[in-house]
Amino acid sequence: MIDTQEEDHRREELGSLYVITAHEFNHVARSTPIDRRFFDRDLPAKFYFVDRNGAPRDFRSAYIEERILNPSIVDAGSRFIAEWSFLLTEFEKPFAQYPFFVVSSRFFEKNLSLPLELQTVLAFAFPCLKCYGWGYLPSYDRKANFQDLQFYKEVGYLGIKDEGIAFLDGLYGVRFVDQYRMISDFFCNYIGFQSREHLIEYVKFYLPLIRRFFDADWNIVRQPELYVRRTGTYRNEKPFTLLLEMASHLFFYKNNLRFCGVSYDGIHEVDERETIMRPIITWDQAG
């Protein structure tokens, strides 16, 4: 007989993993089920469904429905802000258990080369999160590095126009590409927070940007097309997310804060302003 209380307690000690799930778009429409590894008993996964119709009726794992928690943000999330609807809902209507990391239900699809099981990675990542307050899980199937925005601009991958760069400079006093050129490669915003205070500090930094485009009920009040361009890279490209993605590490750059970043070779201390990654632990050391 399994001691479920002991198991639940052990999982709570580790921290929480919220899995943002657009079930209809990412799984039903693509005939791709949610990766079974998310349902491992050793993984503290809690699903966050952003679908307008909520979770499937036969879904049996722990889940939260955005349509119940914060119905006014569902449309904005679907059309404009993607995973930011999770962060903004937690900011407005607290529900999360801390510490936590957040990923999408396509995490394993995007991280095919992860050398360890995710629960093992988290066992090392959560203590690092405790030290730094903020951290990231890997976004794509590549080693930790910095991405060159000048190169992105030259080849047409930069999803932000000169007007968008000037807009962010006006809000935050930082000029992307010219001044802030190298950005650490955690673009999916698979972010972690040690405490609610850390999340509030992070989200508040971006509210001046977000409120230029949305009112308090999450109705769009300014179109983002003036500031961003579609790259044609994604199935459901949301122009405003390109602006948020560009600025997602500006919080650390502007405030000269370091964070921990998980990659395929280990965990690093990331200094966004100095463009430095210092190894904290390598997976070889982890055994």
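Each reported figure results from applying straightforward, stated rules to the coordinates on display, with no laboratory input. Bear in mind the structure is a predicted one, so any value in this text is a computation, not a measurement. For neighbour counting, all protein chains shown are included, and Cβ atoms are generated from backbone atoms with ideal geometry for every residue, glycine included.
What distance in nm separates the simple spin-label points at R211 and D169, each placed 7 Å from Cα in the Cβ direction?
Once both label points are built, they end up 2.5 nm from each other.
Fewest Cβ neighbours within 10 Å first, please rank V262, V221 accordingly. Before the final figure, lay out each step's value.
Values: V262 31, V221 9.
Least crowded to most crowded, the residues run V221, V262.
Bins of 10 Å, beginning at zero and ending with the bin holding the largest distance: percent of Cα pairs per bin for the range 33-167, please.
In order of increasing distance, the bins hold 9, 31, 36, 21, 3 percent.
If the convex hull of the alpha-carbon atoms of the range 119-278 is projected onto planes in all directions, what is the mean projected area in square nanometres? Working shown, then result.
On the way: hull surface 39.8 nm².
Answer in nm², one decimal: 10.0.
Among the Cys residues of the chain, which have no other cysteine Cβ under 4.7 angstrom away?
C131, C188
May I have the extent of the alpha carbons of the range 4-286 along their three principal axes, as whole Å values ordered from largest to smallest?
Each principal axis gives a Cα extent; for the range 4-286 these are 54, 45, 36 Å.
Give me, ordered by chain and number, the residues 5 or more places off V228 or on other chains with an amide H under 5 Å from its own placed amide H.
The list, which skips near neighbours in sequence, is K161.
With respect to the cross-link table entries K93/K161; K46/K110; K46/K254; K46/K238; K130/K204, which display a Cα-Cα separation exceeding 29 Å? Provide the component values of the computation, followed by the final result.
Working: K93/K161 33 Å; K46/K110 19 Å; K46/K254 32 Å; K46/K238 25 Å; K130/K204 21 Å.
K93/K161; K46/K254, as the Cα separations exceed 29 Å there.
Which of the helices in the chain meet the span-like rule: DSSP H, Cα axial reach of 18 Å or more, Kyte-Doolittle mean at least -1.0? It would help to have the intermediate numbers written out before the result.
Numbers: long enough: 118-132 (20 Å, 1.25); 196-210 (20 Å, 0.31).
Sorted by number, the helices that extend far enough and score high enough are 118-132, 196-210.
Which length gain, in nm to one decimal place, applies between L226 and Y264 when the Cα-Cα distance is subtracted from 0.36 nm times their residue separation?
Working: separation 38, 0.36 × 38 = 13.68 nm, distance 3.69 nm.
Length difference between fully extended and current span is 10.0 nm.
For a quick check of your reading of the filter: which trypsin sites (Lys or Arg not before Pro) in the range 57-154 sit in a DSSP loop and have no more than 15 other Cβ atoms within 10 Å? Provide the component values of the computation, followed by the final result.
Values: sites: R57, R60, R67, R79, R106, K110, K130, R142, K143, K153; in loops: R57, R60, R106, R142, K143.
Taking the range 57-154 and a limit of 15 other Cβ atoms within 10 Å, the loop trypsin sites (Lys or Arg not before Pro) found are R57, R60, R142, K143.
Sort E92, E154, E83, E65 so the one with the fewest other Cβ atoms within 10 Å of its own Cβ comes first. Walk me through the numbers on the way to the answer.
Working: E92 14, E154 10, E83 23, E65 18.
Going from least to most buried by this count: E154, E92, E65, E83.
Exposure proxy check: S72, S78, S85 ranked by fewest other beta carbons within 10 Å?
Values: S72 12, S78 18, S85 23.
In order of increasing Cβ crowding within 10 Å: S72, S78, S85.
As a check on your grasp of the helix formula, calculate [θ] at 222 nm for the chain: sum -39500 (n - 2.57) over DSSP H runs of n ≥ 4, divide by the residue count, round to the nearest 500.
Values: 11 runs with 95 residues, N = 287.
After summing the helix terms and dividing by residue count, I get -9000 deg cm²/dmol.
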